[in-house]
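Q: Okay, handing you the structure first.
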């Protein structure tokens, strides 16, 4: 039974980054604005200037979107939200890492009650943190869509 729980925990930890931790909007924005501003994104992190306009030399203009719409001071908020989204995504990867670490501790516990409880607390705390991170992603997406 313990092995089944540990294997399920490891499988969930491996699948989570693909389905819920990485914000889908980051991939969509990276594809949408790739032509406007040159650059590459690492993993699923978006560039800090996603959603902004670049001139022919590749210089970012924080006063206009890639569609040419004037932003005013909202350009700064777009940059802040892009960076904040990347930080939240990095925290999600760390939470998934802790879920994997808790699964490994669970496998290595060999039935010792104190070690099993430690592993369960690591997994529980990581899942709670992941839930908070997912709520933060939803808030950032909501704010970004209303700018």
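Laboratory data are not the source of any read-out in this text; all were calculated from the coordinates shown. Small disclaimer: the values here were computed from a predicted structure and weren't measured. Note that we place each Cβ from the backbone using ideal geometry, even for glycine, and neighbour counts take in every protein chain shown.
Q: Based on the alpha-carbon gyration tensor of region 72-117 and its eigenvalue square roots a ≥ b ≥ c, which shape applies: rounded if a/c is under 1.5, prolate if not and a/b is larger than b/c, or oblate?
A: Prolate is the answer for region 72-117, as a/c is 1.5 or above and a/b outweighs b/c.
Q: Need the full-extension length gain, residue 118 to residue 104, defined as separation in residues times 0.36 nm minus the C-alpha distance. One decimal, nm.
A: Result for the pair: 3.9 nm of gain on full extension.
Q: Please identify which residues in region 97-115 have an amide N closer than 20 Å to a label point set 7 Å out from the Cα of residue 128, following the Cα→Cβ vector.
A: 97-106, 114-115
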